[in-house]
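Read the structure below first, then the notes.
Since every read-out is calculated from the coordinates, none of them should be taken as a lab result. Computed from a predicted model, the values in this text were never measured in an experiment. FYI the Cβ positions are ideal-geometry reconstructions off the backbone, even for glycines, and counts take in every protein chain you see.
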Amino acid sequence: MIYLDYNATTPIDPAVAEAMRPFITEQFGNPSSGHRLGLTAREALETARTSVAALIGATREEIVFTSGGTESSNWAIKATAQARGSSGGHFVTTVVEHPATLEPMRHLEQAGFSRTDVGVDETGLVNPDDIRRAIRPDTILISVMHAQNEVGTIEPVAEIGRIAKEAGMLFHVDAAQSTGKIPVNVNKIAADFISIAGHKMYAPKGIGALYIRAGREIERLIHGAPQESGRRAGTENVIMAVGLGKAAELAAPHIGDDSVTKTRDYFWERLSAAFGPRVLLNGHPTKRLPSTVNVSFPGHAGAELLAKLTDVYASTGAACHSGDAKPSAVLTAMGLDRQRAVGTIRFSVGRPTRREEIDQVIEQLSRIIDV
């Protein structure tokens, strides 16, 4: 198996699995219990919280564990709207956001809220001045993802954060795809809310976190007992939280390490050498996640190319339904024509990816495309 879909999900790091193991078998206490088993669970939970906080330059009290990035983004957006009561309000976001941002906003439009989707350039990059111009007197939240999940383009969230602060706006950043891969610092970004997803950084699926800036009031996500500082009721998932905490610890030394970037660049160099002008890079050429190689083979269907590859796992730039290829909304928003969008494959590499695997993919693609 050659796995090249790390933007979709990562395997659980063996060290993460090992850290979780005692809490699956022996240390099964409820962290709200006052006895030894409960205290052990509570200590592990808070250690994990501290590790996640340290990864993004936050304090432990600013981290709330959730079920993942989608829940975190939904919470930040819906809670901001809920705080407005029946007076409504306006959201500013971009055309290349994840559905975890766009869908809750679309849902809230039915209740009288409105939104502006700011466009991007051909590399998927948003212009901060366009965000500034989209702000209205009734704007209540700006939400911009840190790194685009399909093409990897890294958005200028630090500059947008300054704009939000100057305008007195709340600012949410979907950092599900960037946390653990590139620097995410809450002070440099000046965000009020940041969404984190564990399964994008070698932790299990079903665990994430929402960063809530100290002093920011937020409506409870779930009402009940006072877990998570009274913000998210329900017995905490200690097993998963420990996994996310360990993943955060493991990620920290890799931030700034260019080994994954070198693997990504090697992949693109091999593709360019093999196919020349027949392969096109999508996304920003330099301001791009270390993991992402999104390319188009115009004249080919990405789904068909992937189907012909043996034991290679990647993603396409189109959603296929009943034999019809529908180009990705993100690629369309970037201005890619239909032929280029449909011919897109997103390869995404990770820490375990080896150059020999890339060589094998290039060899297979050469046989398929040159036929």
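If R0 is 45 Å, the Cβ-Cβ spacing of ASP265 and THR59 corresponds to a FRET efficiency of close to 0.80.
Roughly speaking, what is the stretch gain from LYS205 to ALA17, that is 0.36 nm per residue apart minus the C-alpha to C-alpha distance, in nm to one decimal? Walk me through the numbers before you get to the answer.
Details: separation 188, 0.36 × 188 = 67.68 nm, distance 1.23 nm.
Net length gain for the segment: 66.5 nm.
Between 0 and 90 degrees, rounded to the nearest ten: what's the tilt of helix 36-56 against the longest Cα principal axis of the chain? Result, in degrees: 50. Put in order of Cβ neighbour count within 10 Å, fewest first, the listed residues LEU102, LEU39 become LEU39, LEU102. For the pair LEU37 and HIS107, label points projected 7 Å from Cα toward Cβ lie 3.5 nm apart.
As a proxy for reagent exposure, ranking TRP268, TRP75 by other Cβ atoms within 10 Å from fewest up yields TRP268, TRP75.
Helix-derived [θ] at 222 nm for the chain: sum -39500 (n - 2.57) over DSSP H runs of at least 4, divide by residue count, nearest 500?
Details: 14 runs with 147 residues, N = 371.
Taken over the chain, the calculation gives -12000 deg cm²/dmol.
How much FRET efficiency would the formula 1/(1 + (r/R0)^6) give for ILE255 and ASN127, where r is the Cβ-Cβ distance and R0 is 45 Å, rounded to 0.05? Before the final figure, lay out the partial values.
Numbers: r = 27 Å, r/R0 = 0.59.
According to the calculation, E is roughly 0.95.
Sorted ascending by nearby beta carbons within 10 Å, beginning with the fewest, PHE193, PHE275 become PHE275, PHE193.
Rounded to the nearest 5, what is the percent of antiparallel bridges among the DSSP beta bridges in the chain? Expressed as a percentage, antiparallel bridges in the chain total about 55. Cα gyration tensor of the chain, axes a ≥ b ≥ c as square roots of the eigenvalues: rounded (a/c below 1.5), prolate (a/b > b/c) or oblate? Oblate shape, in that a/c is at least 1.5 and b/c is the bigger or equal ratio.
Summing charges over all other residues whose Cβ lies under 15 Å from the Cβ of GLY38, with Lys and Arg as +1 and Asp and Glu as -1, gives -2. Check the straight Cα-Cα distances from LYS188 and name the lysines below 29 Å, setting aside those fewer than 8 residues away within the same chain. In chain and number order, the partners are LYS78, LYS165, LYS200, LYS205, LYS246, LYS262, LYS287. Each other residue within a Cβ distance under 11 Å of SER73 adds +1 if Lys or Arg and -1 if Asp or Glu, for a net charge of -3. The gain in end-to-end length when the GLU356 to ALA329 segment is fully stretched comes to 6.4 nm, 0.36 nm per residue minus the alpha carbon separation. When only DSSP loop residues count, what GluC sites (Glu not before Pro) in region 11-57 have their Cβ near at most 13 other Cβ atoms within 10 Å? Answer by residue number: GLU26. Place a point 7 Å from Cα of SER114 in the direction of its Cβ. Which residues in region 123-151 have their backbone N less than 14 Å from it? Zone members listed by number: 134-140.
Under the combined filter of DSSP loop state and at most 13 neighbouring Cβ atoms within 10 Å, region 176-281 retains these GluC sites (Glu not before Pro): GLU217, GLU219.
Can you tally the net charge around ILE194? Count Lys and Arg as +1, Asp and Glu as -1, for every other residue whose Cβ sits under 11 Å from the Cβ of ILE194. My count for the surroundings of ILE194 gives -2. Counting only DSSP beta bridges whose two residues both lie in region 75-224, roughly 25 percent are antiparallel. In region 172-214, whose amide N lies under 16 Å from the spot 7 Å out along Cα-to-Cβ of ALA83? List them in ranges. Output list for this probe position: 172-173, 190-195, 210-214.
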